[in-house]
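Have a look at the structure below, then the notes.
The values are calculated or read from the model by the stated rules, or taken from the named source; none is laboratory data. Since this is a predicted model, take the numbers as computed values, not measurements. With ideal geometry, Cβ positions are generated from the backbone for all residues, glycine too; neighbour counts draw on all protein chains shown. Areas reflect the complete protein model, heavy atoms only, side chains present, ligands, DNA and RNA absent. Shrake-Rupley method; radii C 1.70, N 1.55, O 1.52, S 1.80 Å.
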Amino acid sequence: MNKIKDIKLYQAVSKVSQPIADATHEISQIKFYIVEVFTEEGVRGQGYLLSFHYSPKAIEGALADIKNFVLEREFCVHETVRLKEEYEKECEYFGNTGLLRWAQAAVNVAMWDAWGKILKQPIYKIFGSNGKKIPVYGSGGWLSYTDEELVHEVTGYKQRGFGAVKIKVGSSDMERDLERLRKVREAVGKDMKIMMDANQGLDVPRAIQLSLHAQSIGINWFEEPISNQDFKGYETIRSKTGISLAMGEREFDETALKSLIEKNALDLWQPDLLRLGGVEVWRKTAALAAAYQIPCLPHYYKDYDVPLLATIEKPYGAESFDWIDAIIDNPMKIVDGYAILREEPGWGITFKEEFLESIES
């Protein structure tokens with residue numbers, strides 16, 4: 001029962017796609033890959049990954065490979081752990097982290113969507129709810145924005161009831177970063193939280209300097225100031241400045257989290273559902289972080305992260321972009337800065353057919 005009969009693969013481009021840039025990337029397109037799994041009984045589940053413009057042939061190849069792997073064997077949609085274990089044995093020669101894990105995670109997310117539909121329950125009720133309201137913060141503030149675009153974005157979030165915004169820093173001119181932060185503070189007022197994200201674009205001395213200069217502006221936390229592999233650097237920044245540090249979106253397992261915990265160098269854990277390999281590993285790392293009183297603040301995937309945050313011990317909040325809202329059938333409702341949990345089975349969203357372009361010949 002509930003065996004996977006077919007898998008279909010698509011790509012879709014956001015209706016708000018435009019070139020953007022942070023401290024380490026220039027992004028030309030906001031694009032996604034979508035995986036659909038179908039059971040023998042006709043139940044459909046969807047999962048997607050954010051790809052931007054990067055490595056389309058490699059991503060499409062990885063998705064095609066796992067599709068063939070699944071369809072050549074017999075998996076039921078609830079056998080997410082079994083599939084991950086068997087696929088990682090298959091992929092070991094070229095490495096389980098990276099693109100192969102992203103592809104496996106997209107299938108994992110689609111399987112959970114189908115399983116929720118079979119059970120006729122939303123994901124958060126399958127795991128058991130913590131009953132907490134999940135705050136959502138507005139994300140963006142790209143370095144490529146003009147001052148007018150930056151102010152327009154953050155004031156838009158405030159008008160919609162968001163209680164916090166995050167903007168990019170890490171430009172070649174630190175005074176420019178500080179000036180942008182001041183403009184945001186002036187635009188949103190003293191009661192709204194402001195966070196900053198350097199996307200690993202700084203070294204330790206510059207991260208310390210920026211943190212200290214930004215104290216008067218009031219920064220709630222600092223995301224990825226330096227390389228995600230410089231655990232000692234995170235320890236130094238935190239001890240020298242007292243600023244709260246957030247990290248985790250680039251990790252494929254819990255190794256970095258363990259190292260940062262050992263060094264008392266992390267305040268917020270930011271798991272990326274697709275990089276980590278899916279629902280089970282996301283929850284595993286959130287539980288590890290909670291054991292050391294570190295809240296969970298996931299990266300990007302709010303439509304998946306909000307229901308998962310509603311099931312764990314220490315949810316901190318979710319990141320909000322509007323990138324898929326116009327191309328799905330049930331955009332997330334956010335009221336007074338809090339997400340409204342969907343009651344539809346599975347994840348509660350489906351991509352609109354007119355935006356799906358098959359990547360299969």
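Some points to look at:
- Residues considered: Val107, Val184. Of these, the only one that is under 30 Å from Thr311 (Cα atoms) and either in the same structural domain as Gly47 (by the TED database) or surrounded by 19 or more Cβ atoms within 10 Å (Cβ to Cβ) (or both) is Val107.
- Filtered residues of the range 115-174 (kept if open to solvent by 50 Å² or more (accessible area, probe 1.4 Å) and of a type in the set (Ser, Thr, Tyr)): Ser129, Ser144, Thr146, Ser172
- Residue that is most open to solvent (accessible area, probe 1.4 Å) [pool: residues in the range 267-312 that are touching a residue at least 60 places away in the same chain (Cβ under 8 Å) and of a type in the set (Lys, Arg)]: Arg283
- Selection within the range 190-224 - within 23 Å of Arg250 (Cβ to Cβ), assigned to a helix (DSSP H, G or I) and open to solvent by 10 Å² or more (accessible area, probe 1.4 Å): Val204, Pro205, Arg206, Ile208
- Residues within the range 1-30 that are surrounded by fewer than 19 Cβ atoms within 10 Å (Cβ to Cβ), among the small types (Gly, Ala, Ser) and not in a loop (DSSP other than H, G, I, E, B), tallied: 1
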